[in-house]
Amino acid sequence: MKLKSISALFFLFSSLLLVKAQSTSTWSRGGIILSSEGYIATSNYILKDGYHFEVDVFSNGIKKTYVGSVVKSDPINDLTIIKIDDPLFKTIGLVPFSLKVKDIKEGEKVFVMAYPKVESKDEGLKLTQGIISSKSGYLNDVINYQISCIMQPADAGAPLFDNYGNVIGIISSNTKSGQSTGFAVKASCLNNLLETIPKMPLMPSKTSIAGLSMDDKVKALSKFIVMVRLSNKVIADTSKDEKILVGQTYGGGIVFYVDGTGKHGLIAATDNGEGKRAQWGCYETPIDETSLAVGSGKDNTAAIVNSCKGPGSAGIAAKICSELVLNGYNDWFLPSKNELNLLYIQKELVGYEHGYYWSSSEFDSHFAWFQHFDFGFQDYLNKDFSYYYRPIRAF
């Protein structure tokens, strides 16, 4: 097995880099899915034109991210209704809780379920318990409950449950870090907001988990607890035949290259790999049909998939990209050498892992072209080495 010395040196150096690239989102709050159709309640936030929410849904330890759009906002009462607006989202299942808008008593046991802030490495669900300290908020504000739960800013938008599993409020965005007293907007305000929606979400009139233990309640509720993130990528508006711009969220991913017409270019998958690596494949088997040029990545990928049929070929980078279905699109491919360089130029915009990335361009029967995303150089290395890969698609 051959190995180029300069590549080996950079491989050793890059393995010491542990700092991850900047997140594609800059803000996060809690939220709860209110219905099987994907309606979500969270605290109020005013979006700038063109921006959108990303909703992280957790199920059986697996996180899936969907695009969410605002249905209705109530800035006075600090509430927003979002709906998951993503072709890959079908349903979340039957909701086991209801909204309780009256007969809430001081001293009543309550709990909050939320995920840590987006910058946290620990994305485990957090349970905070307490009581209703007062049926009014700061300065006798009647739209809020005061609760004896230690709150963090990322808890804003999270649901407040009574001891039976009813949603009785939404944590206020006025939450301060580490304070021992929190505030929650009452479910009556949320119910009033829901009634203004033309197609009001269908919710149970009574919770189905009242008799369960606390552990079982948490388990039943957990898949309805979400993290709502404000994306820093702009959704492209093509309704006015406007040009697409680099950095826009469009066509299932993030635009990283646009040609001179402003209407055609390349899109990077929003999933940056999170440490996933794969072999290039076809070691000692020449493809002889790949190109280095922009616009050739899709054909390169097809040629690799058609030629690599032996043991282990199911897990090669080109095949993984070609079989990806993401945000409603299934025409992803492994970028060519020159397409990969365009992706590298916008690495901070699309997010990346530190180290080598495969292109779909072959060098010979033993080697294929790669690019190092810390230092920018391109070179070729053994096809049977495992490196990062990033699916892209064209528009």
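Coordinate-derived values only; no laboratory data. Model, not experiment: these values are computed from the prediction. Note that we place each Cβ from the backbone using ideal geometry, even for glycine, and neighbour counts take in every protein chain shown.
Label sites at S59 and M214, each approximated as a point 7 angstrom past Cα along Cα to Cβ, lie 2.8 nm apart.
For the range 25-231, the relative contact order works out to 30 percent when only alpha carbon pairs closer than 8 Å and six or more residues apart are counted.
At full extension, M200 and Y138 could sit 19.3 nm farther apart than now, given 0.36 nm per residue minus the alpha carbon distance. From least to most packed, judged by other beta carbons within 10 angstrom and beginning with the fewest, L160, L349 follow the order L349, L160. Here the extension length gained between K90 and S148 equals 17.2 nm, from 0.36 nm per residue of separation less the Cα-Cα distance.
What is the fewest-to-most order of I147, I132 by other Cβ atoms lying within 10 Å of their Cβ? Walk me through the numbers before you get to the answer.
On the way: I147 28, I132 21.
Exposure proxy ranking, most exposed first: I132, I147.
Seen from K100, the other residues with C-beta closer than 14 Å to its C-beta sum to a net charge of +3, counting Lys and Arg as +1 and Asp and Glu as -1.
Using a cut-off of 32 Å between Cα atoms, the listed pairs K64/K100; K90/K319; K199/K319; K102/K199; K126/K319; K223/K309 include K199/K319; K126/K319; K223/K309 as exceeding that distance.
The GluC sites (Glu not before Pro) of the range 325-356 include none that meets both criteria, a DSSP state outside H, G, I, E and B (loop) and at most 10 other C-beta atoms within 10 angstrom of the site's C-beta. Can you run phi through the Karplus equation (6.51, -1.76, 1.60; θ = phi - 60°) for the range 275-286 and list ³J(HN,Hα) in whole Hz, with x for Gly and Pro? Working through the residues one at a time gives x, 6, 10, 7, 6, 6, x, 6, 5, 6, 10, x Hz.
Mind sorting T181, T290, T270 by how few other Cβ atoms lie within 10 Å of their own Cβ, fewest first?
Values: T181 17, T290 25, T270 20.
If I rank by nearby Cβ atoms, fewest first, I get T181, T270, T290.
Sparsely packed loop sites in the range 261-335 (the trypsin sites (Lys or Arg not before Pro) outside DSSP H, G, I, E and B with at most 11 other Cβ atoms within 10 Å) comprise K309.
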